[in-house]
Structures are given as C-alpha cells and as structure tokens.
Amino acid sequence: MLSQTLRRSFLSYFKNKQHTVVPSSPVVPHDDPTLLFINAGMNQFKDVFLGKSKREYTKAVTTQKCIRVGGKHNDLDNVGHTSRHLTFFEMLGNFSFGDYFKKEAIHYAWEVATGVFAFDPEKIWVSVYKDDDEAFALWEKHLPTKRIVRFGEKENFWAMGDVGPCGPCSELLYDRGEAFGKAKNPHDDVSGERFLEFWNLVFMQFSRDTSGKLEPLPKQSIDTGSGLERVVSLKMGVDNVFQTDVLRSLIAETEEISGKKYESDNAAPFHVIADHVRSLAFAIADGVQPSNTARGYVLRKILRRAVRYGRLLGLQRPFLASVYPRLVMCMGDDFPELRTAGDRVAEILTSEEEAFLRTLHRGGNLLNQVIEQSRTSHKISGEDAFKLKDTYGFPLEEIQLIAKDEHLQIDLPRYQALEEEAKEKSRKAHKTAAQQFDQSLFAGVAKTHFEGYQTHALSAKLVGILVGGKFADSIEEGEEGFLLLGQTPFYAEMGGQVGDTGQISLGGNTFQVQDTISPFPGVIAHFGTMMLGTLRKGEGVLAAIDIERRCEIQNNHTATHLLHWALQKVFGSHIRQAGSLVEAKRFRFDFSHHKAVSPLELRQIEELVNEKIRSDEQVKTYELSYEEAQNKSEIKQFFGEKYGTKVRVVDIDFSKELCGGTHTQRVGTIGFFKILKESSIAAGVRRIEAVTGKHAELLVQTHEDLLHSLATHLKTPLSSLSEKFLSLLEENKLLSQELKTFHKQALKQLLQKCLTHKEQAGSISLIALEVSVPAEELPSFAEELLRHLQSGVVALGAKTGERCQLLVAVSPDLTHIHAQMLIKEAAPLIQGGGGGKQTLAQAGGKDPTGLSKALDKIRHVLKNAQ
C-alpha cells in the first residue's frame with residue numbers, strides 16, 4: 001500500500017539523518033490532563049519542549065496516531081460533509097529538542113517533499129510568518145521568491161492548545177491546478193482547495209501560559225507535522241481523502257457488508273463508517289472504552305454516529321466488528337496493537353452497537369417523526385429535543401449531530417428552559433437527593449486545616465453548611481448536604497485515595513459522613529446525611545473518622561508504595577506509576593509496562609512485598625521544598641503531577657515517594673499482601689489489583705475452600721487434584737471427538753435426506769427446508785448441498801430457542817438470482833433482518849413460527865423470477 005510505503009520511507013529518511021525513530025504514543029494522553037486525545041505528533045514531547053524532562057536523544061521522528069474530536073481540534077461534525085475532514089489521521093513528524101533549528105528543518109522538508117514524496121518542485125509553495133525574515137531567506141535557496149508568501153498570526157503562528165508550546169511556522173503547500181480554483185496564489189485561495197497545505201514546520205520558541213503570556217523555551221526546537229492521508233491523496237491525484245488506499249479499502253469492505261455500491265449520491269455513510277471505525281479501533285486498542293464520561297463519552301458518540309449512518313445503508317445489525325479485520329489487514333503490520341487487541345475491540349464494538357440499537361428501537365419511531373415534522377421549519381422544537389433526551393436517552397450532543405446530518409437546527413433556548421424546569425421538579429421531589437453544586441461556591445470559603453495525619457478525632461467549628469446546592473444556616477434531620485469545618489481529621493479524596501467516612505456530632509445530633517472531597521483548592525467538604533437532630537452554622541462539633549476503615553485504607557496506600565518498589569525490582573527502573581485507586585477492601589495500581597506480567601513474575605512480586613511487610617520497617621513522613629526534592633534522584637515523582645512549593649515525602653528507607661496520602665506507621669501492620677488480578681488497561685499500561693490484611697487472608701481461604709470442594713466432588717486427594725483434572729480433560733477431549741464424529745455422520749444423513757426434497761421453482765432447482773442444524777454450521781451445510789445440486793438455490797431455516805435463522809445460498813452460475821434480495825423479501829416474515837452477498841445471505845429473526853412462510857416466500861419469488 002502507498003500509505004505504508006510513504007510511512008516507512010519517511011521514517012527511514014530521518015533515521016538516516018540520525019533521528020531516533022520513536023513509536024507513536026497511545027491516542028490516550030495518560031500524562032497530560034489538558035488533552036482529551038492525542039491530536040498532534042508533538043504531544044508526547046510536550047514536557048521535553050518545556051524543559052521539564054529530557055530524552056536520551058535530541059532528534060526524533062514519528063508517525064503519530066491522532067484523534068481530533070474535542071475542544072479546539074474537533075472534526076467530528078464535519079466528517080461525511082467534506083472531502084478532507086477526519087477524526088482519525090496519522091501525523092508524520094520530525095523533531096529537534098535544542099539540536100537543529102530553521103535551516104536544517106527547511107532543508108529536510110524540501111528533500112523529503114521533492115525526494116521521498118516525489119512532488120513536482122514547480123508546484124510547491126511555502127508560507128511563512130509575516131515577521132519571519134529568516135525563514136523567508138532560507139526558503140529562497142530552494143524555490144523562487146514569488147512562491148513564498150507571508151501570513152499573519154492566524155495562519156502562521158502555531159499552538160497546540162490554549163496553553164503550552166507554540167511559535168511561528170512555515171507551511172508547505174501543493175498547487176493542484178486550476179481544476180481546484182482560479183486563485184493565482186495562496187493569498188487569493190480563501191478555501192485552501194487549490195493550494196493544499198501538506199506539511200507544517202513549527203519553529204518552537206515559546207510556551208504560552210494560562211494568562212496568554214509567552215515565555216521563551218529553554219532551547220529553540222523544531223516540531224513538524226505532515227498528515228499522511230493528505231500526502232497520499234496528493235500522490236494518488238485524488239480530490240477526496242476517502243479515495244486514498246486505506247480508507248477506500250474500508251469503504252470497499254462496507255460495500256461488501258451492506259450490499260450497497262459506493263457512489264457520489266450516497267457517499268456520506270461510507271465516509272463516516274470508514275473514518276469512525278479507525279478512531280474507535282485505535283482508541284479501544286489503546287485502553288479507552290465507550291462510557292458516559294470524558295473520553296468514553298466521546299467514543300460512544302463516534303460509535304453511535306457510525307451506527308446511524310450504517311442504518312442509511314440498510315445495516316440493521318451490528319457491523320463495525322465486521323469492518324475491523326480489513327483495518328487490521330491495512331494497518332496492523334505497522335500498528336500491531338490492532339492485532340493484539342483484536343478480540344477486545346470486536347467485542348466492545350458489538351456490545352456497544354447492540355445497546356445503541358436497542359435505544360434506537362425504543363425511540364426510533366419518534367426520532368423519524370421528529371425529523372420529518374421538522375423539515376418544513378428546518379428546526380427541531382425544544383419540546384421534541386427534550387422528549388428525545390428525557391424519555392429515550394438521546395444526549396443533547398447526539399441530537400445536535402443528528403440535526404446537523406439532517407440539515408436541521410434545534411430550538412436550544414426552549415430545550416434548556418425545559419431541562420431547567422425538570423431539574424427544579426426533581427429538586428422539589430427529592431430533597432434528599434445527592435448534592436449538586438457549582439465549585440465556584442467554595443471560592444470565598446476559608447481553607448480547611450487538615451489534621452488527619454496526627455489525629456482521628458477532634459473538636460472543630462462548623463463554619464459552613466450546604467444543602468440543595470445553596471449555603472444554609474442549618475441542616476435538618478433527613479437532609480443530605482455538605483458540612484465545612486475550620487479543621488478536620490477527614491482526608492478528602494485525592495491522589496487515588498478515597499475520602500474518609502465517619503461522624504460529625506454535637507451531643508445527640510449526628511451527621512453521618514459518607515464521603516469527603518476537596519471541591520476547591522484548600523477546602524475540605526464532608527458529604528453525608530443528618531441522621532438525628534439538627535446542626536447549625538457556628539456550633540462547636542466533634543469530628544471523628546471511621547478508624548477501622550482509615551487503617552485499612554492507609555495500609556493499602558503504603559502497600560502501593562511497596563508494590564511500586566517490587567515492580568521496579570522485578571522489571572527495572574522504567575516502571576512508572578500511571579494511576580491508582582486506594583480503598584478500604586482493595587486497591588489497584590496502574591503502571592507502565594510493555595507486556596503482561598507472567599504468573600511467575602506475579603509470585604516474585606508477592607514474595608518481595610510480603611518479605612518487606614515482615615521486616616516491619618518504619619514509615620517516615622516529612623516535608624521538603626519541591627526544588628530540594630527534585631535534586632534527590634531516589635525520590636519518586638510522577639510525570640504529569642502538579643506539585644506545590646512544599647512537598648511531602650513518604651520514606652520507607654528502600655522506597656521514597658512524593659505523596660500526600662495517609663499511611664501506616666510501620667509496614668508490618670499491613671499484615672499480608674495478595675494479588676487479585678493483573679490486566680492491561682491500555683497499550684503499554686498494566687493494572688494490578690490486590691488486597692491486604694484480613695481481606696488477603698479471606699482470599700486465600702476462599703481459594704482453599706474451592707480446592708477442597710473440587711477434591712471432594714472429584715473424589716480425589718487434594719495432592720492428586722491436578723492429575724485428576726488433566727485426566728478428566730483428556731477424557732472430555734476423547735468424548736468431544738466422538739461427539740463430533742457422530743454429529744458429522746448425522747449431518748451426512750440429513751444432507752442425503754434434504755437432497756430427496758429437491759423441487760423445481762420454474763427452471764431453478766431448489767431445496768427449501770427447515771433443518772436442525774446449529775446456526776453457525778448453516779453456511780457450510782448449505783454449501784455442501786449446493787455442491788451436490790451443482791446449480792440451484794438452497795434456502796434453509798433453523799430454530800435456535802426463541803429465535804431463528806434464515807439462510808439463502810445461490811450457485812455462482814445463477815447470476816440473475818441474488819441471495820441478499822431473497823433474504824430481504826423473506827426476513828420480515830420471521831420479524832428479522834439481515835444481508836449478505838449475491839451468493840450467500842442470512843437473516844436472524846424473533847419469530848420461528850414464520851419460517852415456513854418465509855421459505856414459501858422464497859419459492860414464490862423464484863418462480864416469478866424466470
């Protein structure tokens with residue numbers, strides 16, 4: 001494929017220029033909270049450009065997987081409506097971290113454009129920032145002055161986002177000729193269709209902070225980005241990115257699955273599916289799962305949009321997993337994670353499609369009615385939009401996407417008014433509902449003094465009460481709310497450790513704390529229910545945490561530090577924490593590692609941790625200046641974490657980490673450590689779930705009980721259990737082989753019986769029967785019948801519980817008979833739908849009693865098809 005050739009040639013060129021070939025990072029930016037998805041090649045080098053970290057190389061080249069579906073870089077709405085927009089694309093890029101600058105970057109770009117990409121030098125134009133005379137002069141060495149143009153900040157000053165690295169840039173453009181516009185130069189080409197940008201060279205000089213101020217970077221650097229799909233489209237001479245090799249191959253697969261031909265008047269569904277399946281596959285392979293929050297929610301929107309467009313092609317059942325193998329074939333060699341995560345990707349795609357199809361089934365009729373009713377006014381009413389959301393679960397963002405696809409608007413003011421009315425009704429009907437509040441409410445609240453490192457209970461002043469999202473003077477029995485204290489022993493959820501629970505009381509008046517959070521920097525809020533009596537603002541109260549629960553949490557938190565140390569002992573210093581969740585009964589620990597942890601390695605990790613627990617070493621904590629901590633290489637710090645000027649160190653002699661959580665005083669109190677599970681959560685990120693103390697003991701006892709139960713049922717000593725189990729497996733294998741042989745003979749007999757029921761539908765030989773054959777074996781059984789028929793049609797129906805399957809197979813010589821058309825005619829009689837190819841099609845249905853009528857329908861259609 002041309003895409004693969006260009007990708008590899010680009011990497012090879014820069015490798016020969018002493019650049020380190022750096023693999024694409026996952027599309028999930030695990031260490032950058034400012035990004036939803038990786039949207040540029042430089043994202044993984046952001047802290048290198050900022051001078052916050054160093055690599056062992058100063059020059060790099062990558063081909064980066066990118067997804068643009070949120071924030072500033074959001075192309076989702078445009079996909080399917082334009083010839084260029086994609087949500088997933090590859091960004092080719094070369095980078096210099098204080099090594100070379102403009103002169104070399106421009107020279108490399110020219111060599112690659114005219115050599116590797118083999119573009120006609122006479123058709124290449126470049127743009128530079130209006131004040132960048134240096135870049136202008138350097139480009140004059142390669143092309144005439146008349147083909148160098150200057151632009152302002154909007155066009156030629158690049159920034160990754162609102163904050164971060166930025167600088168002037170120079171773009172390479174390709175003149176596609178008068179067929180794409182009459183503009184004589186890029187200045188006049190407002191649409192950018194004729195002079196198409198294919199490479200951007202960013203001369204990285206600054207970093208922009210949240211106030212918009214530009215600060216010089218420690219070293220001048222280079223960041224370049226060239227969209228592979230755009231380069232391929234120029235090389236292939238096509239005016240639509242969806243005509244490029246990879247995307248066109250995915251479109252061809254969609255044609256095969258849908259039975260619909262890709263043409264200009266129905267191109268949008270094919271474009272959406274081809275693009276969206278790439279975003280979905282790469283995101284899921286890198287650890288994102290569709291959900292109702294954050295990245296998962298965006299992924300769910302992408303998937304549902306693909307499903308809706310699939311329905312325009314008649315695809316009524318899950319189909320994305322069927323397109324996926326073609327993507328693996330096209331890109332799996334260079335992105336092996338597509339193969340590694342294949343089963344998981346297919347499973348998630350299918351289950352999500354099934355769930356959305358159920359939603360569409362519930363609300364589909366109303367949705368279609370709303371669209372049709374809105375065509376006259378070109379606007380979906382606020383009432384209709386709210387009903388779709390409130391009754392059928394269509395999120396507003398999804399309704400907006402549907403509206404855009406149907407060229408409709410939404411009456412948003414009316415929708416928002418109805419939503420606010422519903423919220424108000426809910427607040428009145430459920431006074432004890434979980435609290436919702438605006439975090440800015442706490443901006444003026446005095447900071448809470450946390451005393452939980454030293455004590456589990458203390459007297460404090462009740463300085464604030466929040467009920468129903470508003471500050472109140474008191475909280476009454478039965479109400480839920482937040483209490484604010486001047487000082488507290490309660491630890492607020494932070495750094496992966498859950499918040500404390502306990503009680504805040506005054507005499508017999510008791511508030512049960514169910515969670516503790518920090519809704520605003522420095523403020524600790526205690527969420528819970530007033531169980532008995534009333535508490536008033538300004539009163540002195542007793543705040544006491546659940547000591548037993550806290551002890552279990554702090555034991556687990558210290559255990560995460562021991563686990564981190566053990567992982568580095570077993571695998572090396574490259575191991576880095578990538579996240580954690582510390583609860584009372586268990587904890588999980590995410591870490592960077594390139595492959596699964598073997599059972600032997602897990603045992604080794606457990607032994608190391610338990611050995612340290614038995615050593616019962618003291619756990620010390622102390623504060624240092626952040627600058628001082630940075631100079632101590634033995635103290636672990638976490639990439640992406642934001643530290644203040646003072647930091648807290650948790651020191652267990654052999655393990656030192658910056659950490660603000662609560663910890664046990666001696667490691668011996670952890671008691672016992674046992675791993676529950678090890679798994680992958682993203683490319684290059686593993687997760688260990690574990691238990692300690694009595695929960696670890698309970699896990700071992702549960703395993704022992706299971707072994708004893710198995711030994712009892714199998715009537716064998718525990719010491720012989722493995723031998724007995726292997727013996728049973730062998731016995732089962734032999735029985736399975738016998739069963740397969742019997743099944744094969746039964747199918748052979750059934751086949752002979754079916755052949756005796758051959759009939760004529762006009763001049764066409766036909767076998768149309770209900771058979772007792774498993775649904776998955778129907779295609780091969782039909783193929784065998786056709787082999788005996790030589791020429792004809794086989795129509796088979798099979799019941800599977802309360803459902804049924806219908807299959808039609810047509811011999812290749814009957815080119816005027818189409819299996820998918822026969823299925824389309826017969827499927828409604830079994831309350832089902834399906835599709836396929838000219839020679840083979842299937843449908844699933846919910847009404848097995850309709851099989852006989854469906855087969856009769858096929859007979860009737862064939863008789864009239866002469």
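Highest average first, the peptides 183-193, 513-523 ordered by how many other beta carbon atoms sit within 10 Å of their residues are 513-523, 183-193.
Taking 23 Å as the straight-line reach from the Cα of K59, the lysines in range (excluding those fewer than 8 positions away in the same chain) are K15, K17, K46, K102, K103, K219.
Rounded to the nearest 20 debye, what is the charge dipole size of region 757-802 about its Cα centre when +1 sits on each Lys and Arg Cβ and -1 on each Asp and Glu Cβ? Once rounded to the nearest 20, the dipole reads 200 debye. The Cα center of region 582-634 and the Cα center of region 1-21 differ in position by 40 Å. For G579, the residues whose amide H sits under 5 Å from its own are D590, ignoring neighbours fewer than 5 places away on the same chain, with H placed 1.01 Å from N. With both residues required to sit in region 729-866, DSSP beta bridges show an antiparallel share near 80%.
Normalised per residue, the accessible area of the chain is 48 Å², obtained with a 1.4 Å probe and no contribution from ligands, DNA or RNA.
Quick check: at a probe of 1.4 Å, how many percent of the accessible area of the chain sits on carbon and sulfur atoms? Walk me through the numbers on the way to the answer.
Values: 20350 of 41300 Å².
That fraction is 49 percent.
Taking a straight line from the alpha carbon of K753, these aspartates and glutamates sit under 16 Å away, with near neighbours fewer than eight places off in the same chain left out: E770, E783, E784. Considering only L299, N156, G115, and ranking their Cα positions along the charge dipole of the chain that arises from unit charges at the beta-carbon of Lys, Arg, Asp and Glu, the one farthest toward the positive end is G115.
For region 94-166, which trypsin sites (Lys or Arg not before Pro) are both in a DSSP coil and crowded by at most 12 other Cβ atoms within 10 Å?
Counting only loop positions with at most 12 other Cβ atoms within 10 Å, the trypsin sites (Lys or Arg not before Pro) in region 94-166 are K141.
Distance between the C-alpha centres of region 488-535 and region 689-724: 40 Å, rounded to the whole angstrom. Ligands, DNA and RNA excluded, the heavy atoms of D265 present near 130 Å² of accessible surface to a 1.4 Å solvent probe.
Just flag the trypsin sites (Lys or Arg not before Pro) in region 550-622 sitting in loop per DSSP whose Cβ has no more than 15 other Cβ atoms within 10 Å.
K585, K595
Return a whole-number percent for the relative contact order of the chain, with Cα pairs under 8 Å and 6 or more residues apart as the contact set. Normalised by residue count, the contact order of the chain is 7 percent. Distance between the C-alpha centres of region 775-842 and region 183-205: 54 Å, rounded to the whole angstrom. Note on K612: lysines with a C-alpha under 27 Å away, same-chain residues under 8 apart excluded, are K569, K585, K595, K620, K632, K636, K656, K674, K677, K694. Under the criterion of Cα pairs below 8 Å and six or more residues apart, the relative contact order for region 472-515 equals 23 percent. Amide H contacts of K636 (H built 1.01 Å from N, in plane; Pro and chain starts excluded): K656, E657, L658 sit under 5 Å, all sequence-distant by 5 or more or on other chains.
For the chain, the gyration tensor built on C-alpha atoms gives an oblate shape. Its axis ratio a/c (a ≥ b ≥ c) is at least 1.5, and a/b is not larger than b/c. Loop-resident GluC sites (Glu not before Pro) (DSSP state other than H, G, I, E or B) in region 119-150 with no more than 15 further Cβ atoms inside 10 Å of their Cβ: E140.
The values are calculated or read from the model by the stated rules, or taken from the named source; none is laboratory data. As the structure is a prediction and not an experimental result, all values here were calculated from the model. In this analysis, Cβ positions are derived from the backbone assuming ideal geometry, glycine residues included, and neighbour counts consider all displayed protein chains. Accessible surface is based on the protein model in full, side chains and every heavy atom, while ligands, DNA and RNA are left aside. Shrake-Rupley method; radii C 1.70, N 1.55, O 1.52, S 1.80 Å.
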